[in-house]
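Remarks on the structure that follows.
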Amino acid sequence: MKRFYTVFLVAILVCAQGFISGCDTDSSVAPTPTGKTAFAVAIRTSGEEAADVVVGIDDLMSGEISPVGRGFEQGGWRYFYDVNNTIISTGYGAHKTCVGYHMHDGALVEKGKFAYSLSLDNFGKGDDHTLVAVAVPRKGFENRILYLVDTDKMLITKEVETKIDERTNDSLTAWPTGLVVRDGKLFVSYYHVHTRGDFSTPNANQARIAVYNYPSLTFDKYITDDRTSNIGIYGNFTGVVKTENGDIYSYSSSSLASGFRPVPSNPSGILRIKNGTTEFDKTYFLNFEQASGGRKINFMHYAGNGKAVVRMVVNDSELWATFKPTTATPMCKLAIVDLNTQAVTEVQGVPLHGGQWATPALNHNGKVYMNISDVNGAYIYEIDAQNATGKKGARVLGSEIKGIYALQ
Amino acid sequence: MRAVHACPYHLVAADVPRTVKGIVALCFFLCHASIALGEVALRGSVVDESNEPISGATVYVQQTRKGVITNDAGAFRFVLQSNTYTLEVRRLGFKTALHTVTLRNADTAVRVQLQEDSKLLETVVVYGKTTEEEVREQAYNVEVVEVKQFANANADLNHILNKVSGANIRQEGGLGSDFRLSLNGLSGKQVRVYINGIPMDYFGNTLALYNYPASLVKSIEVYKGVVPIHLSSDALGGAINVVTNKAPISFIDASYATGSFHSHRGALHGQWYHPETGIVVRGMSFYNYAANNYKVDVEIPGAGGAITGEKTTVTRFHDAYRSRMGQIEIGLAEKSYADELMVGVLFADNYKEIQQSTWAGPFNAPYGEVLQSENNVIASLIYRKNNAFLDGLDIQSFLVFSDADKRRVDTSSRQYDWYGSYKENAHPTTGEVERKSLFTLLDQNVLANVGVQYQLSNSQSIAASIALNRLTREGEDKLHPRNATQFSEPSTTDKKVVGLSYSQSFWENTLKATLFTKNYFYTLRTLATNYSGTEKEPFTETKNEFGYGAASTYHLSPTAQIKASYEKTIRYPEPEELFGDGLLLVPNPRLQPETSKNINLGFRGSSGIGEVHGLEVEANGFYRNSEGFMRTVSTGIFSQYINQRSVRTLGIEGTIQYTYNKQYSLAVNATYQDLRNNNNHLEGNTGQADPFKGDRIPNVPYVFGNVVLRAHWDDVFLAGDKLGLSSAQHYVYKYFLYWPTLAANGKNIIPTQWTHDVECTYSASNGTYNISLSAHNIFDAKVFDNFSLQKPGRAWYIKTRYFLSQ
């Protein structure tokens, strides 16, 4: 009888082994179709579901761009940026990884990835191969971390902890809004938020930039200006921009809908740091509210030839209202600012639309390509900054375009 | 006095769903009207050799030619003139017993022990059915798991449910980790869990199913679609009712198991029953502990944050779990004014360390000090009486107060790595998860339920039930602004469900049908706040919805039946789904109730039960059309419930069990469920067609099943001993984390799982002394139920159990 038990036990085990070997193996995913793909977009697929996609496309101006069946799935909600012909996709919260994508043999492929210890909140270009990024704790008096990233190797090369601008007595910390490198200096624009983590802005009535030495990332000095308010807005990377001749322009929003509460009393406006200097140009101030008939800047993108495309707020009544790319009550409009003449011209042919995080804008062949979206859908628009006109292009089958890229 | 229709060999089948128990009881109450002069009550119980109650046994008084059938507690009762009688007790699979009893002028109690009949009873004409079998034969799509068979195994209720056809449990990690149960296409809170009919919605983690070892439970009723009105709560379809042993006997059941990952699991269950006075004292307790220090493969970034794909095996170091529970109930059983009247009090607590976020990516640093704990006190009053006031009028009711004190802590400023070492003050003012939090939450829950059913005639009955469920929740958080505001004032959730049903049987019970309505009333009073906790406004929602349905079954033959049922259901969002748990689940106050129209079709049949070759087959198909389907999505490290506005589900599940000589068995079950997105446009984006319409709902397993082999031998080494061997395999096919058709490269996948558990049990002295040795996941497969959350590998356990009854 005992032999029978042994045989039975063995039989059970053999049977079990059989099931194991019968397990299926995961079939590998299909490769991206090859062919010449000059453009790529990052798509937010749905207003609720957190799964972005990076997809290579042939044409920005016609047809539909679908997140179905092609491109690279992103592990959740991501920030996108580009340096060195590389799309930089960084995960937020738990997904603290950065993935780079570039063109290889005519197809978009993954270049490499690295991990970091704190969510990256702002990005800039150090040099042709270097990404500058800054990670920001959401609350309390904590160090921010400045990173330099080698985008050829997709590795962190330098990591420096800094406060940027902490005001212990007033419970204020700095939230960076733009990173520009010029002549061995890193200009970090920021706005002051309360340490309790509610993103209130009790002391925003001054433009402030922290200047660091680059690439050592040692602190140099603060520069301030009282003609306008804190520079830049939350979740966007262009508080400061650099022109062809090395001038730096900054924009101040003073907008409730863009996240400033209390709203600063100084007007929304544009300041300049002339090439060769590290101070605000006292002779230059563009009072945007005056120039535009009472509107405020939500986002500014430098289009070249002294022109900037500005996303402005036409209804500034609700806090954070611009952070709704699928809004049913669109309140943003595009305008062209001539930084030299200070003329503000509304862009014709672009409807009212919702604002965004990490607002994408691509300069390509003298035109600017942007996402224009609301509850009715998301489109790429081609903006002619010289003539202040816009043209509707491809439609994306998703809720928002988070990045538009032309890759070599 | 009504005619005695319960003749000795009368087949007592379930006339109508839920009235089953009532009818069984009714049958013996119908045998008498009231106790006249000279009459005394003869009370008794029928048990098997291991003193487990035998339900469905026929007890026949030869002299009076009266007969009754024992109830699920194995009990029966006659009212007789003082005299000497011979009881003839029969039950399929047991030798018929004759028992002589002399009744004098006092009520008398007897106990009849039946011996198992190893021979096949070819000549038996009795077709008795167990309570479990009677529940299975209801028109509802229901499966009953007789947990007794697992009592000696190192199995908790989650293990057992995971082997039920149509059910799948997704566990985040080891013992105590969060889990999500799915049943025929519905999951999480869409499926309600009850213990002896009492909804456990707000009883907290300490009483979650994984805490209950099998030895505390008699059976589990798994309603896979339409839920009878006596289990009244808002559910989208599906309910699990855990039934504990309430037989009026005295017993003690003690078990202790230990094994891998520093696991210790003890349970003590005892009851003292005094037949003369009817006094019952019942105690139940458990203790569970596991360090959960199992090994997982993680990617630890190299210099410059480099991710190379190389995995490192590390040991989880902050994942311990402990739960304790003690319950005592005192009351009366089998009295003229109450079949059961019990008051009880329960104390429980748990402590749980949190190692990782639910949505941790593969490169994520672990948490080293985040934890949560809970204290529970529950007081209960249970009353049950059949033939109250009128013959055929049955009443069940309960009143329960539950008080749960929850605490969540995320106050450390350290940054841990997978080796358990840390950087001091890496983030001095934020916690490990997010903003620091020291959160306490008090949940007070009052449950009241009254159910009445009345047998209008032999073929018709009506039933009504009213259930009240009120939750008051208040909390404080000294560190976290959103929590501090969100829970600063008491939030209340009031749910009332009024159910009515009418049942009729036709053609000598071969066709049975039930029509029912459920009226749901819901009021939520709470606060809505923002991320920063700087704003708060009162949020009140009052809703009243009407649900209805029908269930029917037709017996093709005594061993084959088909079932069909339909229900329109509703489920309201829970406070936690709306307002989060204060830690990783973030609020979504815009959540709307979910509704569903469910159709179930089923077949069950058997042949040769009790013979050399026994075969049982069950197959169920289901269709659900759900609107506002709630599901969790990740937003960074956090998760949030959203309404997936429209989901269409089609599915099929089935079981085949083959038994040879009642000694060897092979059971196979499999489930395929097809949940599809039926949205026309993107959420909150009316102008954009949903590119994922028709896509499979992501992050939901859709093919899974089990293979279970069992064998046992009696009288192996000693007389009255028993050796059992079993092998259980669980399979889940891979599924996508996000929409299956989204993108093409870098898809995030939860890989296919195939795990094997083996167990050897040995019982001596007719089940008094038991020992078992088991191996879970014996081939050490790397398995995940949730994206990048690795479950334990191979684990060994040894369990001893002592069971004695009188």
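The values are calculated or read from the model by the stated rules, or taken from the named source; none is laboratory data. Because the structure is a prediction, the values reported are computed rather than measured. Here the Cβ positions follow ideal geometry from the backbone for every residue, glycine too, while neighbour counts run over all protein chains shown. Note: accessible area is taken over every heavy atom of the protein model, side chains too, but ligands, DNA and RNA are not part of it. Shrake-Rupley method; radii C 1.70, N 1.55, O 1.52, S 1.80 Å.
Things worth noting here:
- Test for A:GLY75: is it in contact with a strand residue (DSSP E or B) (Cβ under 7 Å, 6 or more places away or on another chain), part of a loop (DSSP other than H, G, I, E, B), crowded, with 24+ Cβ neighbours inside 10 Å and within 10 Å of another protein chain (Cβ to nearest Cβ): yes
- Among the residues of the range B:324-339, those that are assigned to a strand (DSSP E or B), out of contact with any Phe, Trp or Tyr (no Cβ under 8 Å at 6 or more places or on another chain) and over 11 Å from B:TYR383 (Cα atoms) comprise B:ILE328, B:GLU329, B:ILE330.
- Residues in the range A:52-104 that are within 23 Å of A:VAL180 (Cα to Cα) and among the basic types (Lys, Arg): A:ARG78 only.
- Residues of the range A:89-131 classified as among the hydrophobic types (A, V, I, L, M, F, W, C), within 20 Å of A:PHE39 (Cβ to Cβ) and in contact with a Leu (Cβ under 6 Å, 6 or more places away or on another chain), total: 1
- Strands (runs of 3 or more DSSP E) contained entirely in the range A:134-196, each with at least 3 residues that are within 24 Å of A:HIS301 (Cα to Cα) and open to solvent by 10 Å² or more (accessible area, probe 1.4 Å): A:172-182
- Scanning the range B:732-742 for residues that are more than 7 Å from chain A (Cβ to nearest Cβ), closer than 30 Å to A:GLY100 by Cβ and open to solvent by 20 Å² or more (accessible area, probe 1.4 Å) returns B:PHE736, B:PRO740.
- Criterion: under 21 Å from B:ASP234 (Cα atoms) and touching a Lys or Arg at 6+ places or on another chain (Cβ under 8 Å) - qualifying residue of B:LEU442, B:LEU468: B:LEU468
- Residues that are of a type in the set (A, V, I, L, M, F, W, C) and modelled with pLDDT of 80 or more number at least 2 in the following strands (runs of 3 or more DSSP E) confined to the range B:33-148: B:39-47, B:58-61, B:75-81, B:84-90, B:97-102, B:108-113, B:142-146.
For (1) within 13 Å of another protein chain (Cβ to nearest Cβ); (2) assigned to a strand (DSSP E or B); (3) modelled with pLDDT of 95 or more; (4) out of contact with any strand residue (DSSP E or B) (no Cβ under 6 Å at 6 or more places or on another chain), each residue gets a yes or a no:
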{"site": "B:PRO691", "(1), (2), (3), (4)": "yes, no, no, no"}
{"site": "B:PHE704", "(1), (2), (3), (4)": "no, yes, yes, no"}
{"site": "B:HIS730", "(1), (2), (3), (4)": "yes, yes, yes, no"}
{"site": "B:ALA744", "(1), (2), (3), (4)": "yes, yes, no, no"}
{"site": "B:ASP757", "(1), (2), (3), (4)": "yes, yes, yes, no"}
{"site": "B:ILE778", "(1), (2), (3), (4)": "yes, no, yes, no"}
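- Residue match in the range B:449-472 (condition: more than 25 Å from B:GLN396 (Cα to Cα) and either of a type in the set (Asp, Glu) or at pLDDT 95 or above (or both)): no
- Residue pairs meeting the criteria (Cβ under 7 Å; at least 6 apart or on separate chains; first within 11 Å of A:LYS153 (Cβ to Cβ), in the range A:112-130; second of a type outside the set (A, V, I, L, M, F, W, C) and open to solvent by 70 Å² or more (accessible area, probe 1.4 Å)): A:GLY112/A:LYS153; A:HIS129/A:ASP152
- Unique residue being away from chain B (no Cβ under 14 Å) and buried (at least 20 other Cβ atoms within 10 Å of the Cβ) when the list is A:ALA343, A:ALA335, A:ALA321: A:ALA335
- Only residues that are part of a strand (DSSP E or B) and open to solvent by 20 Å² or more (accessible area, probe 1.4 Å) were counted in the range B:474-493, giving 2.
- For the range B:290-321, a residue qualifies if it is outside any loop (DSSP other than H, G, I, E, B), without any contact (Cβ under 8 Å) to a residue 40 or more places away in the chain and either open to solvent by 50 Å² or more (accessible area, probe 1.4 Å) or of a type in the set (Lys, Arg) (or both), and the qualifying residues are B:ALA303, B:THR313, B:THR315.
- Total residues in the range B:404-439, condition assigned to a strand (DSSP E or B) and either within 12 Å of chain A (Cβ to nearest Cβ) or surrounded by fewer than 19 Cβ atoms within 10 Å (Cβ to Cβ) (or both): 10
- Only one entry of B:LYS478, B:LYS496, B:LYS512 meets the criterion of being within 14 Å of chain A (Cβ to nearest Cβ) and among the charged types (D, E, K, R), and that entry is B:LYS478.
- Filtered by the rule that a residue be open to solvent by 50 Å² or more (accessible area, probe 1.4 Å) and not β-branched (Val, Ile, Thr), the range B:94-108 gives B:LYS95, B:LEU98, B:HIS99, B:ARG104, B:ASN105, B:ALA106, B:ASP107.
- Yes/no for A:GLY100 being away from every other protein chain (no Cβ under 14 Å), modelled with pLDDT of 95 or more and either open to solvent by less than 10 Å² (accessible area, probe 1.4 Å) or in a strand (DSSP E or B) (or both): no
- A:LYS113 vs. criteria facing chain B (nearest Cβ under 8 Å), surrounded by fewer than 23 Cβ atoms within 10 Å (Cβ to Cβ) and not in a loop (DSSP other than H, G, I, E, B): yes
- The set of residues in the range A:202-229 being surrounded by fewer than 23 Cβ atoms within 10 Å (Cβ to Cβ) and among the hydrophobic types (A, V, I, L, M, F, W, C) consists of A:ALA210, A:VAL211, A:LEU217, A:PHE219, A:ILE223.
- Exactly one residue among A:ALA343, A:ALA361, A:ALA303 is in contact (Cβ under 8 Å) with a residue 40 or more places away in the chain and in contact with a His (Cβ under 6 Å, 6 or more places away or on another chain), and that residue is A:ALA361.
- Residue within the range B:445-458 that is in contact with a His (Cβ under 7 Å, 6 or more places away or on another chain), open to solvent by 10 Å² or more (accessible area, probe 1.4 Å) and either over 25 Å from B:ASP234 (Cβ atoms) or not in a strand (DSSP E or B) (or both) present: no
- Cross-chain or 6+ apart pairs with Cβ under 8 Å, the range A:50-67 first and within 11 Å of chain B (Cβ to nearest Cβ) and farther than 25 Å from A:VAL99 by Cβ, then part of a strand (DSSP E or B) and open to solvent by less than 10 Å² (accessible area, probe 1.4 Å): A:GLU64/A:ALA394; A:GLU64/A:VAL396
- Test: B:SER177 is part of a loop (DSSP other than H, G, I, E, B) and farther than 21 Å from B:PRO593 by Cα: yes
- For the range B:278-310, the set of residues classified as more than 14 Å from chain A (Cβ to nearest Cβ) and either among the charged types (D, E, K, R) or more than 34 Å from the chain's Cα centre (by Cα) (or both) consists of B:ARG282, B:LYS295, B:ASP297, listed by residue number.
- Of the numbered criteria (1) within 10 Å of another protein chain (Cβ to nearest Cβ); (2) under 30 Å from B:SER50 (Cβ atoms), the one B:PHE717 fails is (1).
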